[in-house]
Amino acid sequence: MLKALVLDYGGVLTDPGEDNPAEPPLLTALRKARQHGLKTALLSNADGWWQPPGALTAVLDAAVISGEVGLVKPDTEIYLLTATKLNVKPEECVFVDDLAVNVRGAAKAGMVGVHHRSTRSTLEELEILLAIALRD
């Protein structure tokens, strides 16, 4: 059973989508996932000085930033660290990234991987995997 949603920042969480919504669709998805009791995390290969925007930290249980932890995607250790910070097993996480190599790294670590190509297709896949509505 999936218990956590983990998203990449650039190219996924920042994707404005096709319909020009008030906020990025994957940010809405994070908020709805938390409302349904799922844990949420950001996993980014950003430098250590980078911090998630304030509005984002309010919907996150954890943020794992490569520059802070000394690991980078697609190294399996960074996915395992993220699961540990969420206090869940890797196989209880679904990870979304726009780079296939990072999705493969997550899968190698035991996570369910979703390759982000569009907000619509990603949200459709996540709604099936998580069995909850993630859109307004």
Euclidean distance of C-alpha centroids, the stretch 94-116 and the stretch 1-29, integer Å: 15
Most mobile of V114, V12, V69 in a GNM of the chain (Cα contacts under 10 Å): V69
Cα gyration tensor category, rounded, prolate or oblate, for the stretch 59-111 with a/c compared to 1.5: rounded
Accessible-area ranking of T82, T76, largest first, probe 1.4 Å: T76, T82
Choice from N20, N45, N102 with maximal GNM fluctuation in the chain (Cα, 10 Å cutoff): N20
Proximal charge balance of M111 [Cβ under 12 Å; K/R count +1, D/E count -1]: +2
Value at 222 nm in deg cm²/dmol, rounded to 500, when DSSP H runs of n ≥ 4 in the chain each add -39,500 (n - 2.57): -10500 deg cm²/dmol
Neighbour net charge for C93 - beta-carbon separation under 14 angstrom, K R +1, D E -1: +1
Residues of the chain: accessible area per residue with a 1.4 Å probe, Å²: 48
Phi-based couplings in Hz for the stretch 93-104 (Karplus 6.51, -1.76, 1.60; Gly and Pro marked x): 10, 10, 10, 10, 8, 8, 9, 4, 4, 6, 5, 5
Alpha-carbon Rg/Rh ratio, for the chain, with Rh computed the Kirkwood way: 0.92
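The values are calculated or read from the model by the stated rules, or taken from the named source; none is laboratory data. Everything numeric here is computed off the predicted structure, so don't read it as measured data. Glycine gets a Cβ as well: all are built from the backbone with ideal geometry, and neighbour counts include every protein chain shown. When the accessible area is computed, the model is the full protein with side chains, heavy atoms only, and any ligands, DNA or RNA have been set aside. Shrake-Rupley method; radii C 1.70, N 1.55, O 1.52, S 1.80 Å.
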